[in-house]
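Peer 1: The structure follows.
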Amino acid sequence: MADKEIVLDVRHLQQYFSNGIGKNKVVVKAVDDVSFQIPKGETFGLVGESGCGKTTTGRTIIRLYKPTGGEVYYKGKLISGKLSHEEKIAVHQGIQMIFQDPISSLNPRMTIQEIIGEGLLINKLVKNDTELRKRCEEMIELVGLTKDHLSRYPHEFSGGQRQRIGIARVLASNPGLIIADEPVSMLDVSVRADIINMLIDLSRNQGAAVLFISHDIALTRYISDYIAVMYLGRVVEYGTADDVIKN
């Protein structure tokens, strides 16, 4: 990795949660001293059983949780500390998340164009309605749907199509890092391969780094360049996908 541009650099990340007070206080070390790097254009798999801390790691990276300790760098800039308003906008544009549930992650009251275009408008990435429409058409076609779908609503689509729409929304902002948290676990087996192959192609063609979070070791091996295995909040094994699986 020494000669590659490092998009995400996680150093000794800690995320602790506490329950109760006084003598009854219990500290849960959801993420405990986790470190890894993801270069541009590569996919890093974070795999482990339910409750091991992999989803918490992703949500801490994207600033949904304030870390207890450690540091997170995005393209060389520390993002786990205090950021200005402009810096927060840049981070939110640069790091996007694909959620596990394609149904609840889409606003049922918004058309597909409004869903895909929301980030473009917030981040001021388009100048007018014409540019907005063109960008939305490019994104919807990139994920295998058509521009006629832009005027429809989420309930009119299948689970696999909704996940494609979610991916189109993520890609619209040209992120440098995509965090995919169990993106196919709620989909039928018949459409999982399509979504995974699309993620691989998009990573290679757009040059984004991908953090792929899953409990499925076989699926993680297929999509990932490197894999880290988590157990009880810690990384217990790390290496190339083949090394981790075969050894």
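Peer 1: Report, in cubic angstrom per residue, the convex hull volume of the C-alpha atoms of region 1-64.
Peer 2: On the way: hull volume 6.3 nm³, N = 64.
It comes to 98 Å³ per residue, whole-number rounded.
Peer 1: If you build a Gaussian network model of the chain, linking Cα atoms that sit under 10 Å apart, which residue out of ALA30, ALA90, ALA208 swings the most?
Peer 2: Maximum fluctuation in the GNM of the chain, among the listed residues, is at ALA90.
Peer 1: Figure the gain on full extension for SER18 and MET110 (residue separation times 0.36 nm, minus the Cα-Cα span) and round it to one decimal in nm.
Peer 2: 29.4 nm
Peer 1: Would any residue of region 191-232 have its amide N under 19 Å from a label point 7 Å out along Cα→Cβ of GLU131? List them or say none.
Peer 2: Label zone hits: none.
Peer 1: Now a separate question. Determine the dipole magnitude for region 72-192: charges of +1 sit on the beta-carbon of Lys and Arg, -1 on that of Asp and Glu, nothing else is charged, the reference point is the Cα centre, and the result goes in debye to the nearest 20.
Peer 2: 320 debye
Peer 1: Continuing with the same structure: May I ask you to derive the FRET efficiency for TYR231 and GLU87 from their Cβ-Cβ distance with R0 = 25 Å, giving the value to the nearest 0.05?
Peer 2: Working: r = 34 Å, r/R0 = 1.36.
Efficiency for this residue pair is about 0.15.
Peer 1: Give me the percent relative contact order of region 39-168, please, defined on Cα pairs under 8 angstrom at least 6 residues apart.
Peer 2: Rounded, it is 22 percent for region 39-168.
Peer 1: Something else: So if I place +1 on the C-beta of Lys and Arg and -1 on the C-beta of Asp and Glu, and nothing else carries charge, what would the dipole magnitude of region 1-58 be about its Cα centre? I want it in debye, nearest 20.
Peer 2: Rounded to the nearest 20 debye, it is 360 debye.
Peer 1: For a Förster distance of 25 Å, can you work out the FRET efficiency between the beta-carbons of ARG11 and LYS246, rounded to the nearest 0.05?
Peer 2: E(calc), rounded to 0.05, equals 0.30.
Peer 1: Report MET186's accessible area, 1.4 Å probe, all protein chains in place, as a number in Å² to the nearest 10.
Peer 2: Surface accessible to solvent at MET186 totals approximately 110 Å².
Peer 1: Which value at 222 nm does the chain reach when only helices count, each DSSP H run of 4 or more adding -39,500 (n - 2.57), with the total divided by all residues and rounded to the nearest 500 deg cm²/dmol?
Peer 2: Dividing the helical sum by the residues of the chain leaves -10500 deg cm²/dmol.
Peer 1: Please express the shape of region 100-171 as an equivalent ellipsoid: the semi-axes are the square roots of 5 times the eigenvalues of the C-alpha gyration tensor, given largest first in whole angstrom.
Peer 2: Details: eigenvalues 71, 31, 23 Å².
For region 100-171, the semi-axes come out at 19, 12, 11 Å.
Peer 1: Compute the long axis of helix 112-122 from its Cα atoms, compare it with the longest principal axis of the Cα atoms of the chain, and write down the angle in degrees, 0 to 90, nearest 10.
Peer 2: The two axes meet at around 60 degrees.
Peer 1: Tell me the trypsin sites (Lys or Arg not before Pro) within region 85-174 that lie in a loop according to DSSP and have at most 15 other beta-carbon atoms within 10 Å.
Peer 2: Within region 85-174, the qualifying trypsin sites (Lys or Arg not before Pro) (loop, at most 15 other Cβ atoms within 10 Å) are ARG109, LYS124, LYS127, ARG152.
Peer 1: Roughly what would the spin-label model give for LYS4 and ASP216, points 7 Å off Cα along C-beta, in nm?
Peer 2: Reported label-point gap for LYS4 and ASP216 is 2.3 nm.
Peer 1: If you don't mind, another one. Quick one: work out the % antiparallel among DSSP beta bridges in the chain, nearest 5.
Peer 2: In the chain, approximately 55 percent of DSSP beta bridges are antiparallel ones.
Peer 1: Can you give the FRET efficiency for ARG204 and GLU118, using 1/(1 + (r/R0)^6), R0 = 25 Å, r = Cβ-Cβ distance, to the nearest 0.05?
Peer 2: With a Förster radius of 25 Å, E is 0.40.
Peer 1: Determine the gain in length on full extension of the stretch ASN197-GLU141; use 0.36 nm per residue of separation and subtract their C-alpha separation, reporting nm with one decimal.
Peer 2: Contour length minus Cα-Cα distance gives 18.6 nm.
Peer 1: Evaluate the Debye formula for the chain with equal point scatterers sitting on the alpha carbons, no solvent, and hand back log10 of I(q)/I(0) at q = 0.07 Å⁻¹, in q order, two decimals.
Peer 2: Each listed q corresponds, in turn, to -0.24.
Peer 1: Please list 3J(HN,Hα) in residue order for region 158-170, calculated via the Karplus relation 6.51 cos²θ - 1.76 cosθ + 1.60 where θ = phi - 60°; whole Hz, with x for glycine and proline.
Peer 2: Per residue, the Karplus-derived 3J(HN,Hα) values read 6, x, x, 5, 5, 5, 4, 5, x, 5, 4, 4, 5 Hz.
Peer 1: Once the Cα atoms of region 137-247 are picked out, what are the Rg and Dmax in Å?
Peer 2: Final numbers for Rg and Dmax: 15.4, 50 Å.
Peer 1: If we count GluC sites (Glu not before Pro) as exposed when they sit in a DSSP loop and have at most 14 other beta carbons within 10 Å, what is the longest stretch of the chain that avoids them all?
Peer 2: 50-247
Peer 1: Here is a follow-up. Mind checking the angle between helix 189-206 and the chain's longest principal axis? C-alpha axes, 0 to 90 degrees, to the nearest 10.
Peer 2: 90 degrees
The values are calculated or read from the model by the stated rules, or taken from the named source; none is laboratory data. Predicted model, so just to flag it, every value in this text is computed and none were measured. All Cβ positions, even for glycine, are placed from backbone atoms using ideal geometry, and neighbour counts span all protein chains on display. Surface areas here come from the heavy atoms of the whole protein model, side chains and all, with no ligands, DNA or RNA. Shrake-Rupley method; radii C 1.70, N 1.55, O 1.52, S 1.80 Å.
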